[in-house]
1. Among residues belonging to segment 232-250 that are more than 20 Å from the chain's Cα centre (by Cα) and more than 23 Å from Lys40 (Cβ to Cβ), point out the one that is surrounded by the most Cβ atoms within 10 Å (Cβ to Cβ).
2. Can you spot a residue in segment 251-271 that is closer than 18 Å to Arg204 by Cα, crowded, with 18+ Cβ neighbours inside 10 Å, at pLDDT 95 or above and of a type in the set (Gly, Ala, Ser)?
3. Tell me whether segment 95-117 contains one or more residues that are at negative phi, at pLDDT 85 or above and surrounded by 12 or more Cβ atoms within 10 Å (Cβ to Cβ).
4. Looking at segment 36-55, which of its residues are β-branched (Val, Ile, Thr), assigned to a loop (DSSP other than H, G, I, E, B) and either crowded, with 19+ Cβ neighbours inside 10 Å or touching a Lys or Arg at 6+ places or on another chain (Cβ under 6 Å) (or both)?
5. Within segment 190-206, identify whether any single residue is of a type in the set (S, T, N, Q), under 17 Å from the mean Cα position of the chain (by Cα) and more than 26 Å from Lys327 (Cα to Cα), and answer yes or no.
6. Failed condition for Lys79, given (1) part of a helix (DSSP H, G or I); (2) modelled with pLDDT of 95 or more; (3) in contact with a Ser or Thr (Cβ under 9 Å, 6 or more places away or on another chain), with all others met?
7. Would you confirm whether or not segment 172-192 contains a residue that is at pLDDT 95 or above and more than 26 Å from Ser156 (Cβ to Cβ)?
8. So for segment 206-215 (the condition being surrounded by fewer than 19 Cβ atoms within 10 Å (Cβ to Cβ), in a loop (DSSP other than H, G, I, E, B) and at pLDDT below 95), does at least one residue qualify?
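The values are calculated or read from the model by the stated rules, or taken from the named source; none is laboratory data. Owing to the predicted nature of the structure, the values given are computational and were not obtained by experimental measurement. FYI the Cβ positions are ideal-geometry reconstructions off the backbone, even for glycines, and counts take in every protein chain you see.
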Amino acid sequence: MNVRFLIGSAAALALSSALMAQAPAPATKTAGSKPYTPPKTAWGDPDIQGNFTNKYEQATPLERPAEFEGRRAEDITGKEFEELLQRRQEGQLARDRFLSGDPTGAIATPLEWRDIYEVKKARRPWFIVDPPDGRIPAVTPEGQKRIAALPRRGSSFSNGNFGGPEELSLYDRCITRGYPSSMMPAIYGDSYQIVQGEGFVAVRIEMIHETRIIPIGSSTSSGQARPHVGKTIALDMGDPRGHWEGNTLVVESTNFKGRSAFRNANPETLKLVERFTRVAPDTVEWAVTVEDPSTWTRPWTFMIPLTRNDQEPVYEYACHEGNYAMKNLLTVSRAADADQK
């Protein structure tokens, strides 16, 4: 069991529990309502700043579930959607009780899981909005061959005799979750802060405490677009470049590292195109289009709502300080080696 996970999640959950009563409810958009116009910054850009979370979507799947075959996300509404969220809430509660070592819920605990997760405030039945079938496109033959040749990484949640830290994932090693993985909902660490300055936007991510600095617009008075860094420079979070299209911040990222490329994409051909649109005072829609013709047969897009919640700002993520799992796993592995001699 990953002790870092348990300690980190317990601390985050305890803080959330104390503040939850003040948390704002997700915004809703009524039929026929006018599009929301966000305020402007002092220099005239749409203002998308604030503390945000996507924790309400922790139980929302990336792809369309089989039970909704042939249906569109926008058709899952009303009582049907409420019942779907109730089932997910119950499933989340059961899972977290199991992880806490109390699958029956018989042990008294100061944490009220049902209130903390608030899965019933989710806004989407699934995340993928394109292709229309809500599924990740097929992997190309080239992609299948390349992915099959990648080294397999273990996890602190799996059994095994590990020769060294390199045999475990980057997440277990407190290095990165990569991008956009680090902004996708997880069991904890789902807070984000967006900060704007003239010519730049920064997104501070709670999970492993990474920050993306996004240059906006042109780099010179001549109007030339800011170029990406050279092809020989690769980054775990990619190299982002942004511009405004109306009230939407569009961010194109390239130059990814192979070790952390999203879903084993080809870092040389992977491009992410994000769109951040403030659609309500407390809501930013974050849409990501994944383009990699050497891995998938077509581009695909997912969308996750970010809900403003100033009661849950980004907290310190002291990953290395609490990562006892690495030491313990390798200690047990060396003991196993000694027993085999």
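1. Only one residue tops the list, namely Ala234.
2. Among the residues of segment 251-271, at least one is closer than 18 Å to Arg204 by Cα, crowded, with 18+ Cβ neighbours inside 10 Å, at pLDDT 95 or above and of a type in the set (Gly, Ala, Ser), which makes the answer yes.
3. No, the conditions are met nowhere in segment 95-117.
4. Of everything in segment 36-55, just one residue is β-branched (Val, Ile, Thr), assigned to a loop (DSSP other than H, G, I, E, B) and either crowded, with 19+ Cβ neighbours inside 10 Å or touching a Lys or Arg at 6+ places or on another chain (Cβ under 6 Å) (or both), namely Ile48.
5. Keep residues of segment 190-206 that are of a type in the set (S, T, N, Q), which gives 191, 193, 196.
Narrowing further to those that are under 17 Å from the mean Cα position of the chain (by Cα): 191, 193.
So of that shortlist, the ones also more than 26 Å from Lys327 (Cα to Cα) come out as 191, 193.
Yes, segment 190-206 has at least one match.
6. That leaves (3) as the condition not met.
7. No.
8. No, segment 206-215 contains no residue that is surrounded by fewer than 19 Cβ atoms within 10 Å (Cβ to Cβ), in a loop (DSSP other than H, G, I, E, B) and at pLDDT below 95.
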